[in-house]
Amino acid sequence: MASTSQTVLITGTSSGIGRAAAHGFADAGWDVVATMRNPQAAGDLAERDNVDVLALDVSDAASVDRAVSEAISRHGRIDAVVNNAGYSVNGVFEATDDAQILQEFEVNVFGLMRVTRAFIPHFRENGGGTFVQVSSVGGRITFPLFSTYHATKWAVEGFSESLQYELDQFGIAVRVIEPGVIVTDFYGRSADRVDSSGLPGYADFVENVERVTMASASKAGPMEPVVKAIMDAASGGGPFRRAVGWPAYIVKLRRWLPEKMYLSAVRREYRR
């Protein structure tokens, strides 16, 4: 399946941003390696001539190695990797168990690192390539009841910022895309909710936060600007970081507001 066009590998393409990005790249003429844990969920992606669906579970090192090897074998050269796979654990941290925390880091952080490390030799040998790390506005700002999710996204941001320095000498670019609230299943299938029913002291706070969170979800923006930003970044263009969609403006707001004022504003928002 080797091609003279550019090839991108995307993780987490069974739904949401990953799926939309796979279609976007394919529409633009790229060869797309669309990876997901269960290829049977590929649906219409599997029907496209320039989309190659592969099994890849980022939490399984052997699965990553197999998928990377197969993608390179089939296509000869991978020009860009979009690390999109991820999900959220949300709820009271006191009620969150080790298994939930470890699994979220396994997918959002360690999985992203595995895929990145597996492709560095390929990019280095080819004289270049681009990693697009799909983070979140939650990688630079925080909201209540998403403490472990924020921890993973802040880790992705720090990892990627440091990594760019060592890879630049090989012509390898690293870009970070920070989607805001987008029309996806982030609040549905892609979320793992913590059961805090045994901690009634948090009940009122949880109710308030969930009300504000769902109100924010109702303001979710379209997927297209995020896909466009990912595609621009995959060509090595644009800034190192790019926040896209509502409430991306809060990232800039926090930069200019005194910390005490900013944190107080967030507290007030969730205590109405």
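Quick grid of which residues meet (1) over 19 Å from the mean Cα position of the chain (by Cα); (2) under 19 Å from V68 (Cα atoms):
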{"position": "Q6", "(1), (2)": "yes, yes"}
{"position": "I17", "(1), (2)": "no, no"}
{"position": "W30", "(1), (2)": "yes, yes"}
{"position": "N38", "(1), (2)": "no, yes"}
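Scan the helices (runs of 4 or more DSSP H) fully inside the stretch 8-125 and keep the ones with 1 or more residues being buried (at least 20 other Cβ atoms within 10 Å of the Cβ) and among the aromatic types (F, W, Y). Steps first, answer last, please.
Numbers: elements: 16-27, 61-75, 98-105, 112-125.
Passing ranges, in order: 16-27, 112-125.
Residues being farther than 21 Å from V244 by Cβ and in a helix (DSSP H, G or I): count how many of those fall in the stretch 126-162.
So the first thing to find is which residues in the stretch 126-162 are farther than 21 Å from V244 by Cβ, and the list is 126-129, 144-145, 147-148, 151, 162.
Now narrow it down to the ones that are in a helix (DSSP H, G or I): 147-148, 151, 162.
Going through the stretch 126-162 one residue at a time, the tally reaches 4.
For the stretch 225-261, which residues satisfy the criterion of being assigned to a loop (DSSP other than H, G, I, E, B) and either touching a residue at least 60 places away in the same chain (Cβ under 8 Å) or closer than 20 Å to V156 by Cβ (or both)?
Answer for the stretch 225-261, where residues must be assigned to a loop (DSSP other than H, G, I, E, B) and either touching a residue at least 60 places away in the same chain (Cβ under 8 Å) or closer than 20 Å to V156 by Cβ (or both): S235, G236, G238, P239, F240, G245, W246, P247, A248.
Filter the stretch 127-152 for residues that are farther than 18 Å from V81 by Cα and not hydrophobic (A, V, I, L, M, F, W, C) and give the result.
G138, G139, R140, T142, P144, S147, T148, Y149, H150, T152, listed by residue number.
I'm checking my understanding of the structure. Among residues of the stretch 262-272 that are outside any loop (DSSP other than H, G, I, E, B) and of a type outside the set (A, V, I, L, M), which one is nearest to M214 (Cα to Cα)?
Selected residue: E269.
Would you call G198 part of a loop (DSSP other than H, G, I, E, B), out of contact with any strand residue (DSSP E or B) (no Cβ under 9 Å at 6 or more places or on another chain), at pLDDT 95 or above and surrounded by fewer than 19 Cβ atoms within 10 Å (Cβ to Cβ)?
So G198 passes the test.
Looking at the stretch 171-182, is at least one residue in a helix (DSSP H, G or I), in contact with a Lys or Arg (Cβ under 7 Å, 6 or more places away or on another chain) and surrounded by 15 or more Cβ atoms within 10 Å (Cβ to Cβ)?
no
Condition first: at pLDDT 95 or above and surrounded by 18 or more Cβ atoms within 10 Å (Cβ to Cβ). Now tell me which residues in the stretch 207-233 satisfy that.
The answer is V226, V227, A229, I230, M231, A233.
The values are calculated or read from the model by the stated rules, or taken from the named source; none is laboratory data. Keep in mind that this is a model prediction, so the values were computed, not measured. Here Cβ is always computed from backbone atoms with ideal geometry, including for glycine, and neighbour counts include all displayed protein chains.
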